[in-house]
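Novice: Structure below; questions to follow.
Bear in mind that the values in this text are calculations on the coordinates, not laboratory data. Keep in mind it's a predicted model, so treat the numbers as computed, not measured. All Cβ positions, even for glycine, are placed from backbone atoms using ideal geometry, and neighbour counts span all protein chains on display.
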Amino acid sequence: MTIISSKEFAANQQKYFALARDRREVYIKEDDDMFMFCYANQQEEPMIFEPDDDFYRSISMDELLKRVKKDIHQWYKEKNESHSNA
């Protein structure tokens, strides 16, 4: 990974285009912003990702919300019990 300023990029564009063509990550930093400079070859086949085991183990947002609410209620109940026993 290479991080450069916008002035450095302007002064040495060919160098950073070559890095990007070689699939090296080049980040251009300007003030508080950072931009990734990359090369996309229009001749290449698009990358298509197939679902993997992680995908099949995933849960829906509704299921996540349900589990988080359950954990919050359990935590709140335990916290109240510890205060009432003290």
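Novice: Testing the spin-label approximation: label points 7 Å from Cα along Cα→Cβ at D53 and Y27. State their distance in nm.
Specialist: Reported label-point gap for D53 and Y27 is 3.2 nm.
Novice: Okay, moving on. In deg cm²/dmol, rounded to 500, what helix-only [θ] at 222 nm does the chain give when every DSSP H run of at least 4 residues adds -39500 (n - 2.57) and the total is split over its residues?
Specialist: Rounded to the nearest 500, the figure is -16000 deg cm²/dmol.
Novice: Count the lysine pairs in the chain whose Cα atoms sit under 24 Å apart, keeping only pairs 8 or more residues apart in sequence or on different chains.
Specialist: For the chain, qualifying lysine pairs total 8.
Novice: Take I72 and M34, extend 7 Å from each Cα along the Cα→Cβ direction, and tell me the distance between the two endpoints in nm.
Specialist: In this crude label model, I72 to M34 measures out at 3.2 nm.
Novice: Out of these labelled values of Cα Rg over 2.2 N^0.38 Å, [x] 1.06; [y] 2.05; [z] 1.02, which was calculated from the coordinates shown here?
Specialist: [y]
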